[in-house]
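These notes are about the structure you will find just below.
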Amino acid sequence: MLYSIEIQEECNDEIISLFMLNNEITDKQTTKYIENTIKGVKQNEENINKLITEKLKDVWQLERISKVNISILKIAIYEIIYTKVPYKVAINEAVELAKKYGEDNSSSFINGVLASIVKDNIN
């Protein structure tokens, strides 16, 4: 869902509802998680982008990161910073998603960025 939003650069309740309908997602706990996560990422996107940008090497810019990787990073950072998901769980899930959907080096890139964010932001 977030990857789709990254591509379309648009997000609203209708798009989220349509996603749920098209993917036959009816479980209330699942729909609540998806809605809360998407809305939370969008509401905190400026800070999330800042956290990512701070961890990039000087020659890299946010726009150079693939839409898949940026989507995975945003979800993981949202879970780590703004929810009660344990950071080890969020990082592990993000790395697994990167292995499945990203490029060859995506999992190590995502692991490095998230580990650095945790080191600097979690007591």
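The values are calculated or read from the model by the stated rules, or taken from the named source; none is laboratory data. Worth saying up front: this structure is predicted, and the values here are computed from it rather than measured. Note that each Cβ is placed from the backbone with ideal geometry, even for glycine, and that neighbours are counted across all protein chains shown. The area values use the complete protein model at the heavy-atom level, side chains included, leaving out ligands, DNA and RNA. Shrake-Rupley method; radii C 1.70, N 1.55, O 1.52, S 1.80 Å.
Here are the numbers for this structure:
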| item | result |
| --- | --- |
| Conditions (1) of a type in the set (D, E, K, R); (2) within 16 Å of Ser116 (Cβ to Cβ); (3) in contact (Cβ under 8 Å) with a residue 24 or more places away in the chain: number failed by Lys42 | (2) |
| Selection within the range 100-114 - surrounded by 13 or more Cβ atoms within 10 Å (Cβ to Cβ) and either in contact (Cβ under 8 Å) with a residue 24 or more places away in the chain or farther than 19 Å from Lys88 by Cβ (or both) | Tyr101, Gly102, Ser106, Phe109, Ile110, Val113, Leu114 |
| Every residue from the range 79-100 that is touching a Phe, Trp or Tyr at 6+ places or on another chain (Cβ under 8 Å) and under 15 Å from Val68 (Cα atoms) | Ala98 |
| Residue within the range 32-51 that is surrounded by 12 or more Cβ atoms within 10 Å (Cβ to Cβ), of a type in the set (Lys, Arg) and within 17 Å of Cys11 (Cβ to Cβ) present | yes |
| Sole exception among (1) touching a Cys at 6+ places or on another chain (Cβ under 8 Å); (2) modelled with pLDDT of 90 or more for Ile5, by number | (2) |
| Members of the range 1-39 found to be charged (D, E, K, R) and either in contact with a strand residue (DSSP E or B) (Cβ under 9 Å, 6 or more places away or on another chain) or touching a residue at least 40 places away in the same chain (Cβ under 8 Å) (or both), listed by number | Glu6 |
| Residues of the range 83-105 satisfying the condition of being at pLDDT 95 or above and within 21 Å of Gln61 (Cβ to Cβ) | Ala94, Ala98 |
| Glu24 being farther than 16 Å from Met1 by Cβ, open to solvent by 50 Å² or more (accessible area, probe 1.4 Å) and acidic (Asp, Glu) | no |
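This table checks each residue for (1) at pLDDT below 90; (2) within 21 Å of Leu97 (Cβ to Cβ).
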{"residue": "Glu10", "(1), (2)": "yes, no"}
{"residue": "Thr31", "(1), (2)": "yes, yes"}
{"residue": "Thr37", "(1), (2)": "no, yes"}
{"residue": "Gly40", "(1), (2)": "no, yes"}
{"residue": "Gln43", "(1), (2)": "no, no"}
{"residue": "Lys55", "(1), (2)": "yes, yes"}
